[in-house]
Amino acid sequence: MRFVDAPAAGTKQPAERGELLFFAGGEERDVAEATPLLEAMGRKVIRVGGCGMGSSLKMVNNLLLAQAMVAFSEAVGLGEALGIPRASLLDTLIGSSVVAPYLSGKRGKFEEGAYDADFPLRWMRKDLALAARSAGETGAVLLSGSVAKELFAEAVKRGLGDEDFSAIFKLLAG
């Protein structure tokens, strides 16, 4: 038996366009054999290492996604508390060098307050819990990641679990 783990990075729209990114873990020859199948669904396959390493990189990737969303949400919330209109904040921050590029694809959700799930918030909470457990097992420092995990857990408690993970914006920015 041979095994390759190859979780995808990307949501519904990239999947529909065949633009997913795959993080593959497994023996080099096994990943090479699976690559044409994965490329039929995505734009790139990155072999990370042995079995399980693809899933590990996906978890790290999602940790960054969650923390970027938390930081952005808090910044917009502060900006609004200071009297800056949300539209001005979104116009200025999204697309700037200090904001994660993927946030431009979430702008409509922030403006409309409609968070239909591309990647459900409860799944992000699960990935953050896995990251916290992995940090505990390896001794890695995960201070802000642990805060993000708790924020996403609170969002699930408040009924946001089936909405897109960007719905953390509602909790933090209002």
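Identify all residues within region 1-39 that are buried (at least 20 other Cβ atoms within 10 Å of the Cβ), under 19 Å from LEU64 (Cβ atoms) and touching a Ser or Thr at 6+ places or on another chain (Cβ under 7 Å); write none if there are none.
GLY25
Being buried (at least 17 other Cβ atoms within 10 Å of the Cβ) and within 19 Å of the chain's Cα centre (by Cα) is the filter; apply it to region 40-52 and report the residue that is modelled with the lowest pLDDT.
Result: GLY42.
Which residues, counting only those in region 99-148, are out of contact with any helix residue (DSSP H, G or I) (no Cβ under 9 Å at 6 or more places or on another chain) and among the aliphatic types (A, V, I, L, M)?
LEU143
Which of the numbered conditions does ASP116 fail, given that it passes all the others? Conditions: (1) touching a residue at least 12 places away in the same chain (Cβ under 8 Å); (2) part of a helix (DSSP H, G or I); (3) of a type in the set (Asp, Glu).
(2)
Condition check ((1) assigned to a helix (DSSP H, G or I); (2) of a type in the set (Val, Ile, Thr)) across all residues:
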site	(1), (2)
ARG47	no, no
MET59	yes, no
VAL70	yes, yes
ALA75	yes, no
LEU78	yes, no
ASP91	yes, no
LEU103	yes, no
LYS106	yes, no
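Which residues, counting only those in region 130-169, are in a helix (DSSP H, G or I), surrounded by 14 or more Cβ atoms within 10 Å (Cβ to Cβ) and small (Gly, Ala, Ser)?
Hits for region 130-169 are ALA131, ALA132, SER134, ALA135, GLY145, SER146, ALA148, ALA153, ALA155, SER166, ALA167.
Does GLY83 qualify as being outside any helix (DSSP H, G or I) and either touching an Asp or Glu at 6+ places or on another chain (Cβ under 9 Å) or not hydrophobic (A, V, I, L, M, F, W, C) (or both)?
Spelling it out, GLY83 is indeed outside any helix (DSSP H, G or I) and either touching an Asp or Glu at 6+ places or on another chain (Cβ under 9 Å) or not hydrophobic (A, V, I, L, M, F, W, C) (or both).
The values are calculated or read from the model by the stated rules, or taken from the named source; none is laboratory data. In this text, all values refer to a predicted model and were calculated from it rather than measured experimentally. Neighbour counts run over all protein chains shown; Cβ positions are idealised from the backbone, glycine included.
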